[in-house]
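Structure, as structure tokens:
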Amino acid sequence: MVTAVPKERNAERENNENRVALTPEGVKRLKTLGVEEIIVETGAGEEAGFSDEDYTKAGAEISGSFTGVLEKANLVLRLNQPSEDEIKHLKKGSVHISFLDPYNNRDTVEALQAREIAAISMEMIPRTTRAQKMDALSSQASLAGYVTVIEAAHRINKIFPMMMTPAGTISPVRVFIIGAGVAGLQAIATAKRLGARVEAFDTRPVVEEQVASLGAKFVKLDLGETGQTKDGYAKALTEEQLALQQELMQEKCRTADIVITTAKLFGRKAPLLIPKKTIEAMKPGSVIVDLAVDTGGNVEGSKPGETVVINGVQIVGLANYPGEVAANASQMYSSNLINLISEFWNKESSSLVFPEDDDIVQGALITREGSIVHGGIKKHYGME
Ligand code: NAD
């Protein structure tokens, strides 16, 4: 069993990827499991804080010429989807585990299918209790939520906590967080720890209690019927509801110093929640951080990897939020992978075995033996 860990190349993020799929600690854990040969590309962990030497000490080999390594690997561990060129070098019948965004990357999925790869898509891991330890979407979103607040704190011209000084009292900064899923709740917790006055809104009413338990105020907006799917994701709003939400949130944005948007719709474009007219109503000096920027954006005009300024309001769109804390993001992703591998590791054959009737396999395995095997993806591609 040869496992390959390539250095991340990601054209979509303009090579702005500093995380690594497997940490040296992960190498040790895989070795304990019985994986014999682990080959890491030179410099793969460098930006996340792991040197080639760390990997060698943990028991991995380091290689510079990686196409040769991919050609013999039975298992490839990555964060981002592989490039067309990389797919050509994958060994037929091997297992490839990474984020794939299969709803939006049909070409990549079909290339993996043609190469007869068993491709696991990490964002498709079901959100069940058993799969929680493999849930990379959550582990990365949680760190991303933390990063949004730190980014805003760095850019705002105010301090977060209330401060009473002989020169007068400084009021706490006002933060409005839109979307209180995994990332939003972590953003709320981080902003509260820094001493901000925090309000939050989500279309899923069930999160009201979670928001309150973090000491923030849940903003109630009457948008008619909203709710969540059986998997816990938000249902998309109608155009009328979205227009109403934009209207009702304008006042909250106007009085906030910082607005953090984390509202996403799984596998689909994020809803536009802050139109230009809301930005124009905000105070100069305020900061908006758009976490949904890489799936279309919640804020009009936000761009991945850029800060756009409109009427003195900074609209921040980072290209890679969890990548800002690459050491911890890699640590958690690596752990998610090991947990997944451990679950499907077959000791006798020293290989990964994915039973067809397993709910995690059914949820996350996209291609196998030359076919697209995922029901939802086949339906999305119009194949059935
Ligand atoms: P997500 O990243 O898809 O969306 C982020 C948040 O945006 C969600 O809370 C969503 O309701 C919200 N949102 C969508 N449209 C909105 C709008 N127009 N206005 C305001 N908010 C909007 O979601 P996520 O954070 O990945 O997960 C969502 C939920 O899934 C979690 O809160 C949890 O209930 C569930 N979950 C369960 C498990 C598990 O059981 N193992 C693990 C992770 C998450």
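Can you confirm whether Arg115 is under 30 Å from Asp357 (Cα atoms) and surrounded by fewer than 18 Cβ atoms within 10 Å (Cβ to Cβ)? I'd like the intermediate steps shown before the answer.
Numbers: under 30 Å from Asp357 (Cα atoms): yes; surrounded by fewer than 18 Cβ atoms within 10 Å (Cβ to Cβ): no.
So Arg115 fails the test.
Just wondering, is there one or more residues in region 3-24 that are without any contact (Cβ under 8 Å) to a residue 60 or more places away in the chain and part of a strand (DSSP E or B)? No, there is no match, as no residue in region 3-24 is without any contact (Cβ under 8 Å) to a residue 60 or more places away in the chain and part of a strand (DSSP E or B). Screening Thr108, Thr169, Thr165, Thr128 for residues that are surrounded by fewer than 18 Cβ atoms within 10 Å (Cβ to Cβ), closer than 25 Å to Leu352 by Cα and of a type in the set (Val, Ile, Thr) leaves exactly one candidate, Thr128.
For region 200-220, which residues satisfy the criterion of being surrounded by fewer than 16 Cβ atoms within 10 Å (Cβ to Cβ), within 12 Å of the ligand (Cβ to nearest atom) and hydrophobic (A, V, I, L, M, F, W, C)?
Kept after step one, since they are surrounded by fewer than 16 Cβ atoms within 10 Å (Cβ to Cβ), are these residues of region 200-220: 205-206, 209, 212-213, 215, 217, 220.
Subset that is within 12 Å of the ligand (Cβ to nearest atom): 205-206, 209.
The one that is surrounded by fewer than 16 Cβ atoms within 10 Å (Cβ to Cβ), within 12 Å of the ligand (Cβ to nearest atom) and hydrophobic (A, V, I, L, M, F, W, C): Val206.
Residues that are in contact with a Lys or Arg (Cβ under 8 Å, 6 or more places away or on another chain) and closer than 26 Å to Asp101 by Cβ were ranked within region 233-258; the one that is nearest to the ligand (Cβ to nearest atom) is Ala234.
Selection of first residues in region 235-259 that are more than 16 Å from Ile279 (Cα to Cα) and of second residues that are in a helix (DSSP H, G or I), restricted to Cβ pairs under 8 Å at least 6 apart or on distinct chains, gives the following pairs, ordered by first then second residue: Leu237/Gln245. In this structure, Ala183 does satisfy being of a type in the set (A, V, I, L, M), closer than 21 Å to Gln228 by Cα and surrounded by 23 or more Cβ atoms within 10 Å (Cβ to Cβ). In region 269-289 there is at least one residue that is within 12 Å of the ligand (Cβ to nearest atom), at pLDDT 95 or above and either of a type in the set (S, T, N, Q) or more than 21 Å from Asn104 (Cβ to Cβ) (or both).
The values are calculated or read from the model by the stated rules, or taken from the named source; none is laboratory data. Everything quoted here is computed from the prediction, not taken from an experiment. Positions of Cβ are generated from backbone atoms using ideal geometry, with glycine treated the same way; all protein chains shown enter the neighbour counts.
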